[in-house]
Amino acid sequence: MLINLPHSGKIFMSTPPVSANPPSSVPIFSTTIPTASVATTAAATTTVATDTKKESESEHPPTSTPPLMTTNQLEQQPAWLNEWHSHVPTTVASSSSSSSISSQTTSSDITLMQRQTTSTVAQESFLESLPPEALCNIFIQLQQPRLFNTSLSNVAKTSKTMYETALSFIHRDSNGRTYKTMHTWSDNIQSIRENCSEEDFRISSQFILHLANQQKTTPNAEADIYKLNSFCFDFSNGKHWDFQIKVLGKTSGSFIKINASAIGMEALQTTIFPALANSSDSNILILDLSSNALSAGNATELLKLIDKKNNFYRINLSDNPDFSDNPQEIKEFYNLLFGKIRPLYHLRLKNTGFNDVCVQSICDSLKHPHLVQTIDIDQHNASDTHIEMLKKSLQQHTAELSYFSSSTSSIYSIPANGILADNIDIDWNALKREYDELQQEYYSTPQVSIYSEVTKKLRNHPITKLHERSIQENDPDSDDNDFDDVLPVD
């Protein structure tokens, strides 16, 4: 059969077989033509046999129906992953429809039955065409499994419109503001590492005390103080508190270390922390509260005075041996410390009676992204099971791509950038189990070859590489996390 098409040229169709048996008195003609595929304008003549259906089908199998074009129905996939382009000219589509209807009305010999199909014109979906509410939900999902990964940045790079939309998200949406704030904090943590060595703090402390010792200071000398990048205010020696508090009140956007070791709870509560509460919010605080005979209740009272500022990055509570004696106070303290997002990345708890109640309190409070990199727990009383539980909790909620390990004196993170992909949810338990099994096999095999399969697997295992990185850096309290391809926040 030959069908002439006005727009699509000619299509040759096979003529159905004619049975040897005589046709019935009322022949039945049926030709189904998909209206979405071709447009027919010529009449077709077809002879159809009415003998036994099985006989006819076995001798001449029917020609398969032309396939229909439908959109790729992939469930739980973003729309922009399913883009396909199949443009059908409007004139062809409309002509197909009108020609089909015309054939039905003009031909009395052929019955045209329309197949129910979807539209042949592809609906192109672009991410930027979605409403802002939908985009915000997508951006939030892109921040999983860790707040800091490159997914949001990669989406922002797809077009200028998406870049502007992503920036709008981090400035206006509450989840976006969390992303922006914590990135600022992580940059500050890196800056602490680069600008706040103990030597820098020692020099600044000596300079401040030198000026305080002078009976008269020139305006230029006082102005020179504020040119310092980092300040160490040493209250532990009991000298020149008024002068140091005066300088503290005038600093802003600076790295501030407060050495308040062994001065007692009363001085902390009445002098030091009120001064901190009146200082600039833009300062980056490092607090040394060691050897003050503090309880967890005392520490809670002090931190509440500066809680709204939320600008303390390191806290040293070491050598307060009765700190963990009261379980209720412990729960309140760690809930205050870990109950909301903070820039805190280093917590020293050496000789504080750190125990299972402390671990449980931290785990119960830590339900959001955090930047914690090191917790010093030297001389702790916690069980191995609870230490492992704390490691898993820190691992689960970390904003950074890091692996948490432990020693007898601390729990610390190892940056995993460049070793593992940052945009997937990593099963650390499975990786650790695999690593332990490889180690067991390696050490149980006598005279194992360096070229053996188990040696190769162990050498290239991610956890092996992470431990090697930790050894190379030779510093478990490493702040050298670099976050590649992060979205600019300004």
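For this structure, a couple of remarks:
- Residues of segment 289-300 include none that is touching a Cys at 6+ places or on another chain (Cβ under 7 Å) and crowded, with 19+ Cβ neighbours inside 10 Å.
- Against the test of being within 18 Å of PRO343 (Cβ to Cβ) and assigned to a helix (DSSP H, G or I), the options MET182, MET162 yield a single qualifying residue, MET182.
- Scanning segment 317-340 for residues that are open to solvent by 60 Å² or more (accessible area, probe 1.4 Å), more than 26 Å from ALA262 (Cβ to Cβ) and in contact with a helix residue (DSSP H, G or I) (Cβ under 7 Å, 6 or more places away or on another chain) yields a count of 3.
- Test for TYR334: is it closer than 27 Å to ILE414 by Cβ and assigned to a helix (DSSP H, G or I): yes
- Meets criteria (in a helix (DSSP H, G or I), out of contact with any helix residue (DSSP H, G or I) (no Cβ under 7 Å at 6 or more places or on another chain), surrounded by 13 or more Cβ atoms within 10 Å (Cβ to Cβ) and free of Cβ contacts under 8 Å to residues at least 40 places away in the same chain) for ASP364: yes
- Some residue of segment 390-400 being modelled with pLDDT of 95 or more and over 20 Å from the mean Cα position of the chain (by Cα): yes
- Across segment 308-347, the number of residues qualifying as touching a Leu at 6+ places or on another chain (Cβ under 7 Å) and either of a type in the set (Val, Ile, Thr) or modelled with pLDDT under 95 (or both) comes to 1.
- Set ASP224, ASP200: member being open to solvent by 10 Å² or more (accessible area, probe 1.4 Å), touching a residue at least 24 places away in the same chain (Cβ under 8 Å) and outside any loop (DSSP other than H, G, I, E, B): ASP200
- Annotation note: of ARG348, ARG314, the sole residue that is open to solvent by 40 Å² or more (accessible area, probe 1.4 Å), in contact with a Ser or Thr (Cβ under 6 Å, 6 or more places away or on another chain) and within 28 Å of PRO415 (Cβ to Cβ) is ARG348.
- Within segment 430-450, the set of residues being open to solvent by 70 Å² or more (accessible area, probe 1.4 Å), under 18 Å from LYS465 (Cα atoms) and free of Cβ contacts under 8 Å to residues at least 12 places away in the same chain comprises ARG433, GLU437, GLN440, ILE450.
The values are calculated or read from the model by the stated rules, or taken from the named source; none is laboratory data. A quick note: this is a predicted structure, and the numbers were derived from the prediction, not measured. No Cβ is skipped: glycine too gets one built from the backbone with ideal geometry, and neighbour counts run over all protein chains shown. With ligands, DNA and RNA removed, areas are computed over all heavy atoms of the protein, side chains included. Shrake-Rupley method; radii C 1.70, N 1.55, O 1.52, S 1.80 Å.
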